[in-house]
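The values are calculated or read from the model by the stated rules, or taken from the named source; none is laboratory data. Computed from a prediction, not measured in an experiment: that's the story for all the values here. Here Cβ is always computed from backbone atoms with ideal geometry, including for glycine, and neighbour counts include all displayed protein chains.
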Amino acid sequence: DVAKLPIADESFDALVSNLVLMWAPNLNETAEEFYRVLKPGGRAVVSITHPMINLGEFNLEEEGAPKLLLTESMQEGKFLKMINGTNGPYLYHQRPPSTYVNAFTKNGLQLVEGTGYEDVFFTEEFVRDHPQYAHHQMFPLFLILAFNKAK
């Protein structure tokens, strides 16, 4: 259960949540709190680890043609996850993008038209500097969602 924040209703013009919501056990209650503390006309921007990054695996049987296996990456579930291989494990809530969008829109926020949903991939420049992440260019690493609260 999400505790009510010790913050007055409609206190913020903007809210940012960076890579936190995957750890939230009750996304609906969290979205309710976002709505409650956000001023009318305000914006909430959230980023999550893209579901495709967590459960996708590569099938390297065909040289030069890796395939992403997505059988479970868009399903809901819970699993224990290490953070950078050093901390944890922590309970991680795997959710498809629609679960996030639905939780926030159900609680009165509106997905920003045109720019409210963005899949984020590693750039060529980043991979050139960090070649160990080259296999991540095939699927998005993060998802950024932006919501507005009606005036």
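Key figures
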item	result
Tally, over segment 121-131, of residues that are part of a loop (DSSP other than H, G, I, E, B) and touching a helix residue (DSSP H, G or I) at 6+ places or on another chain (Cβ under 9 Å)	3
3 or more residues more than 13 Å from the chain's Cα centre (by Cα) and not aromatic (Phe, Trp, Tyr): qualifying strands (runs of 3 or more DSSP E) within segment 71-120	77-83, 87-94, 109-111
Residues of segment 83-133 satisfying the condition of being in contact (Cβ under 8 Å) with a residue 12 or more places away in the chain and of a type in the set (A, V, I, L, M, F, W, C)	Leu91, Val101, Ala103, Phe104, Leu109, Leu111, Val112, Val120, Phe121, Phe122
Residue in segment 50-60 that is modelled with pLDDT of 75 or more and assigned to a helix (DSSP H, G or I) present	yes
